[in-house]
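Have a look at the structure below before the remarks.
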Amino acid sequence: MSLFNQGEKAYLMLADGQIFEGRSFGAKGTVIGEVVFTTGLTGYQETLTDPSYYGQIVTQTFPLIGNYGVNHEDNESARSYVSGYIVREWCNAPSNFRMEGNINDFLVEHNIIGIHNIDTRRLTRIIREVGVMNGVITTENVYDKKDELLAKIKSYEIKNAVKSVTNSETLTYSNDAPKYKVVLFDFGYKRNIRQELVNRGCEVVVVPADTNAEAVKAIAPDGIMFSNGPGDPSENTEIIANIREIEKLGIPIFGICLGHQLMALANGGRTEKLKYGHRGANQPVIDLESGLTYVTSQNHGYAVVGESIDPEIGHVSHINANDKTCEGIKYNKINAFTVQFHPEAHGGPLDTAYLFDEFIKTMDKEVK
């Protein structure tokens, strides 16, 4: 059922002054954020609840969103962190045996302002050509406040992202009789990272982002996981300093996405902002050791500069098949490996879930 004519008017304005007129769904009001796009055909609920999207207005390139509804099991966190949501068409008559609600009610519940009935193909082309840029979604008349909103858009920056999404408590999760204990750093982690570890016999101790080496040592884990998360990795100077000390504990480490970037920065590497990032469930990654190409789920706007890693410290293990950016690092002097993509990929694909098994093997050696 088409909803192109349903809902009051809404507007998307980009930092260069371009305006898209559409229709409102979800919450009402005005929100400013960094406009990005994701190419996933499914997994919109996982996208909406991924903390890595903090501060961003997310565009879905797939034209129909909401057709299978929403449910509590597929949430990657307790709330939605996107600033706004852009789709071509949303479905108000979803159908799925797991469905517990619809996407419009989900957006209202989480106070997320959405806009539909705009040309998302055109918008995506603009972002691909120009790069990600700030924008505003509003249900007010954008033309009445254009200059005022443009000034706010241009001054907007995503700051203190990790501090804004991390949990302040230490929480423990496990099944019966766990074999391993893993400390999972919450930089904005997705729940399925935790679940993949629990499924493999781990007691998972989720700790706040600023946890130091002394606190980790007191937990006495068999392994350490550095999670995904939002924002510019280089602004997390305290966390980077903590990682340098945590490495000295000699405990096996596995890093994902932001965790991959922070490990590189802690070891003398550099990161750079990508023109429009990698977001979606169809990103091809080449494993340089095996020569195999995997289809991966990704969500990041920054990347490690592979050439910045000292060969004595580590080497690039994976690259993106499209733009050849660094997608993984294997460290030489410490028992650690990191990847830019998401091997837990709750919305799919599951090509690289074996990396969790590789992490278990590193802990097996230590446990024995």
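The values are calculated or read from the model by the stated rules, or taken from the named source; none is laboratory data. What you are looking at is a predicted structure, and each value in this text was computed from that prediction instead of being measured. A quick note on method: Cβ atoms are made from the backbone with ideal geometry, for glycine too, and the neighbour counts reach across all protein chains shown. Please note that ligands, DNA and RNA were not included when accessible areas were found on the heavy atoms of the full protein model with its side chains. Shrake-Rupley method; radii C 1.70, N 1.55, O 1.52, S 1.80 Å.
Does ILE251 satisfy the criteria of being open to solvent by 20 Å² or more (accessible area, probe 1.4 Å), touching a residue at least 40 places away in the same chain (Cβ under 8 Å) and hydrophobic (A, V, I, L, M, F, W, C)?
On the way: open to solvent by 20 Å² or more (accessible area, probe 1.4 Å): yes; touching a residue at least 40 places away in the same chain (Cβ under 8 Å): yes; hydrophobic (A, V, I, L, M, F, W, C): yes.
Yes, satisfied.
State all residues of the range 40-65 that are modelled with pLDDT of 95 or more, of a type in the set (Val, Ile, Thr) and open to solvent by 10 Å² or more (accessible area, probe 1.4 Å); if no residue qualifies, say none.
Taking the range 40-65 and keeping what is modelled with pLDDT of 95 or more, we get 44-65.
Those still in the list that are of a type in the set (Val, Ile, Thr) too: 47, 49, 57-59, 61, 65.
If the condition is that a residue be modelled with pLDDT of 95 or more, of a type in the set (Val, Ile, Thr) and open to solvent by 10 Å² or more (accessible area, probe 1.4 Å), then THR47, THR61 are the ones that fit.
Give the residues of the range 221-244 that are of a type outside the set (Asp, Glu), open to solvent by 10 Å² or more (accessible area, probe 1.4 Å) and touching a strand residue (DSSP E or B) at 6+ places or on another chain (Cβ under 7 Å), sorted by residue number.
Hits for the range 221-244 are PRO221, SER234.
Taking the criterion of being more than 21 Å from ASN267 (Cβ to Cβ) and within 16 Å of the chain's Cα centre (by Cα), would at least one residue in the range 349-365 satisfy it?
Yes, the range 349-365 contains at least one residue that is more than 21 Å from ASN267 (Cβ to Cβ) and within 16 Å of the chain's Cα centre (by Cα).
Could you list all residues from the range 273-292 that are open to solvent by 50 Å² or more (accessible area, probe 1.4 Å), at pLDDT 95 or above and farther than 22 Å from ALA336 by Cα?
Those that are open to solvent by 50 Å² or more (accessible area, probe 1.4 Å), at pLDDT 95 or above and farther than 22 Å from ALA336 by Cα: LYS273, LYS275, TYR276.
Identify the single condition in (1) in a loop (DSSP other than H, G, I, E, B); (2) over 22 Å from ARG128 (Cα atoms); (3) out of contact with any strand residue (DSSP E or B) (no Cβ under 6 Å at 6 or more places or on another chain); (4) not β-branched (Val, Ile, Thr) that ALA345 does not satisfy, given that it satisfies every other one.
The failed condition is (3).
Here are some residues: LYS365, LYS333. Which one is on the phi < 0 side of the Ramachandran plot, modelled with pLDDT under 95 and in a loop (DSSP other than H, G, I, E, B)? Talk me through it step by step, then tell me what you get.
Working: LYS365 fails: in a loop (DSSP other than H, G, I, E, B).
Exactly one residue qualifies, and that residue is LYS333.
Could you list, ordered by first residue, the pairs with Cβ atoms under 6 Å in which the first is in the range 203-228 and touching a residue at least 40 places away in the same chain (Cβ under 8 Å) and the second is among the polar types (S, T, N, Q) and buried (at least 16 other Cβ atoms within 10 Å of the Cβ), at least 6 apart or interchain?
Listed pairs, sorted by first residue: PRO208/THR166; ALA209/THR166; ASN228/SER52.
Filter the range 161-202 down to residues that are open to solvent by 50 Å² or more (accessible area, probe 1.4 Å), among the charged types (D, E, K, R) and in contact (Cβ under 8 Å) with a residue 24 or more places away in the chain, then give me how many there are.
So the answer is 6.
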